[in-house]
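One structure is given below, encoded as structure tokens.
The values are calculated or read from the model by the stated rules, or taken from the named source; none is laboratory data. Only a predicted model underlies this, so the values are computations on that prediction, with no experimental measurement involved. Because the Cβ atoms are built from the backbone with ideal geometry, glycine has one as well, and the counts that use them run over all protein chains shown. Heavy atoms of the whole protein, side chains included, go into the accessibility calculation; ligands, DNA and RNA do not. Shrake-Rupley method; radii C 1.70, N 1.55, O 1.52, S 1.80 Å.
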Amino acid sequence: MNVPLIVAGSLAILGAAVHGVAGEVLVVRKLSPAMLPPTRFGGPKMTRTMIHVTWHITTIAFLTVGAALLLSGTVLHGDTARGIALVAAGASTGFAAIAVGVGGAYSPRALSRHLGPAVLTATAALAWWGTL
């Protein structure tokens, strides 16, 4: 049992659930094709579709990393657990870096108003702690 990996995995899975459900209801469903620009791939409806798909691909990425961390902290052992945890810790770090870096660049205030960057950063820190 590796408690930091278990906590990191649980946070990532919880984050994936919130991202998928709350994001669908509070963000994606409220996107109006009339307000979105067209792209070279199609009109505003296609823009909305691409945002929708990308949103849920991200949700699945969070879920996958969470499952990998949880498995590494519970049922996997030795080099297998460490290798999978390293990949998941790296992905978690990338998620946190994008949320903090890009989110902070657009709106530093948003970093204190949205829990996502803090949860992603905590997940990455716990993942590295459990891995190293």
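Computed over segment 68-132, the P(r) curve from all C-alpha pair distances, binned at 5 Å from the origin, holds 4, 21, 24, 17, 13, 10, 6, 4, 1 percent per bin. Relative to the longest principal axis of the Cα atoms of the chain, the long axis of helix 3-26 lies at roughly 10 degrees. Surface exposure of the chain, expressed per residue as accessible area with a 1.4 Å probe, stands at 60 Å². Taking the C-alpha atoms only, the angle from helix 44-74 to the longest principal axis of the chain is near 10 degrees.
At a Förster radius of 35 Å, what calculated FRET efficiency corresponds to the Cβ-Cβ distance of Val3 and Ser32, to the nearest 0.05?
Values: r = 45 Å, r/R0 = 1.28.
The pair Val3/Ser32 has a calculated efficiency of 0.20.
Given the alpha-carbon gyration tensor of segment 10-85, what are the semi-axes of its equivalent ellipsoid in whole angstrom, ordered largest first, with each equal to the square root of 5 times an eigenvalue? Kindly include the intermediate steps, with their values, before the conclusion.
On the way: eigenvalues 247, 37, 5 Å².
The answer is 35, 14, 5 Å, longest axis first.
Normalising the average separation of contacting C-alpha pairs (under 8 angstrom, six or more residues apart) by the number of residues puts the relative contact order of segment 67-119 at 24 percent.
Can you give the helix-only mean residue ellipticity at 222 nm for the chain, where every DSSP H stretch with n ≥ 4 adds -39500 (n - 2.57) and the sum goes over all residues, rounded to the nearest 500 deg cm²/dmol?
Working: 5 runs with 104 residues, N = 132.
Calculated from helices alone, the mean residue ellipticity at 222 nm is -27500 deg cm²/dmol.
Roughly how many debye, to the nearest 20, is the charge dipole of the chain about its Cα centre, given +1 on each Lys and Arg Cβ, -1 on each Asp and Glu Cβ, and no other charges? Numbers along the way, then the final one.
Values: 8 positive and 2 negative charges, 113 e Å.
With only Lys, Arg, Asp and Glu charged at Cβ, the dipole is about 540 debye.
Compared with the dominant principal axis of the Cα atoms in the chain, helix 78-106 is inclined by about 40°.
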